[in-house]
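Structure, as C-alpha cells:
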C-alpha cells in the first residue's frame with residue numbers, strides 16, 4: 001500500500017512539474033510576442049552608460065568586436081585600431097530610437113533572411129555586453145532595409161520575427177567600422193608636392209595636374225585614400241624587416257606636412273603616414289598634429305590594389321624649370 005501511495009505521489013509531482021514547465025514556457029512565449037512598442041535594444045538602452053562591447057557576426061566578416069577603453073572605442077580585430085565614430089554614432093542612434101513595430105509568429109526564418117547558419121545565411125548577429133561582460137541584448141538582423149527604413153529582426157533565442165525601425169545606416173560589415181577615408185588631401189591646400197626627390201611647388205604642381213594623367217590620378221587618390229586592413233608598425237617591421245619604402249611628401253599652405261611611405265610586400269601595398277610641420281606653420285597646425293598623430297604613428301595601412309599599385313609605381317615627369 002505504501003508503495004502505491006509513493007507511486008501516485010511521484011506521478012502527481014511529475015504532472016505538477018510538467019504543468020509548471022508548460023506554464024513557464026507559455027509565459028516566455030507570450031513574453032516574446034507582447035513586445036510591440038518596446039525598444040529593440042531595451043536592456044542596452046537601460047544600461048547605456050555601462051555598454052562596453054559590441055559583438056557583430058556576419059558571413060562576410062565573421063565576428064568582430066568593438067571594445068570601449070575608457071572613453072575610446074577600439075576595433076579589436078583590426079589591431080585594436082580606432083572604431084569609426086560615424087558608425088558608432090549610428091549604432092547609438094539605433095539603440096536609443098529603434099522600436100519593435102510588429103510581431104509575426106511565422107517560423108520560416110529563411111523567408112525573412114533571419115537564419116544564422118547554412119549557405120544562405122546573410123543575416124547579422126548583434127550582441128551587446130556591459131562592463132562586467134554580461135550579455136545585455138542579442139538580436140539577429142536581416143540585411144535589407146525597405147523603403148520605410150524598416151527591417152526584419154528577431155531575438156537570437158526566440159523564433160518570433162519582428163519588424164523594427166531606425167536602423168537604416170547601421171552595418172555589421174567590418175570595413176564599415178574602420179574610419180574612412182584614411183586621408184583626404186585636396187588640391188586647393190597643396191603648397192608643395194615631393195616625389196622621389198622631385199619637388200613640385202604650387203605653380204609646377206598645377207602644371208603637373210594639367211599635363212599629366214598620372215598626376216591627376218594621384219590627386220584623386222589623395223582626396224580619398226582607401227584601405228581595407230592594417231597592422232601595427234612594430235608587427236610590420238618584425239614580419240618584413242627588409243621592406244623598403246618609396247617616399248612622398250605633401251606640404252600644405254598652412255604648413256602641415258604629410259610624410260607618406262609606400263611599401264609593396266608579397267603583392268600587397270601598404271602606406272605609413274607621419275604628420276610633421278614646416279618651420280613656421282599656421283598656429284592651428286601644432287594642435288592638429290597633437291590630436292591626429294595617434295591615428296597614424298603606430299600603424300601601417302593596407303591599400304586597395306588599384307590605389308596601391310598606382311602610388312607605389314608612380315613615375316611622374318620631371319618638370320622643366322626656366323634657367
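FYI, it's all coordinate maths here, none of it is from the lab. Quantities reported herein were computed from a predicted structural model and do not represent experimental measurements. Quick reminder, even Gly has a Cβ in these numbers, built from the backbone with ideal geometry, and neighbours come from all protein chains shown.
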For segment 232-290, average projected area of the Cα convex hull in nm²: 4.8
Angle in degrees between helix 202-211 and the longest Cα principal axis of the chain, rounded to the nearest 10: 80
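Provide the gained length on full extension for the span residue 304 to residue 180, in nm with one decimal, where the gain is 0.36 nm per separating residue minus the Cα-Cα distance.
Separation in residues times 0.36 nm, less the Cα-Cα distance, equals 43.3 nm.
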Proxy reagent accessibility, fewest Cβ within 10 Å first, across 56, 135: 135, 56
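With N residues in segment 187-312, what two-decimal value do you get for its Cα radius of gyration over 2.2 N^0.38 Å?
That works out to 1.08 for segment 187-312.
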Of 279, 76, 294, the one that fluctuates the most in a GNM where the chain has Cα springs shorter than 10 Å: 279
Rounded tilt (10° steps) of 213-223 against the dominant C-alpha axis of the chain: 50
Cβ-based exposure ranking for 158, 202, in which fewest neighbours within 10 Å come first: 202, 158
Segment 121-263: proportion of alpha-carbon pairs further apart than 20 angstrom, %: 66
Extent along principal axes [Cα atoms of segment 148-218; Å; largest to smallest]: 65, 25, 20
Using alpha-carbon coordinates, inclination of helix 85-97 to the longest axis of the chain, degrees: 30
Relative contact order (%) - segment 187-312, alpha-carbon pairs under 8 angstrom, separation at least six: 27
From the C-alpha gyration tensor of segment 36-172, square roots of 5λ in Å: 24, 17, 14
Pairwise centroid distance, computed over Cα atoms, of segment 246-268 with segment 68-116, Å: 35
Estimated distance in nm for a label pair at residue 204 and residue 238, the labels positioned 7 Å out from Cα along Cα-to-Cβ: 4.2
log10 of Debye I(q)/I(0), alpha-carbon scatterers only, for segment 116-156 at 0.20 Å⁻¹: -0.69
Highest-fluctuation residue, 300, 122, 253 considered, GNM on the chain with Cα pairs under 10 Å: 253
Cα convex hull of the chain - mean projected area over all directions, nm²: 25.8
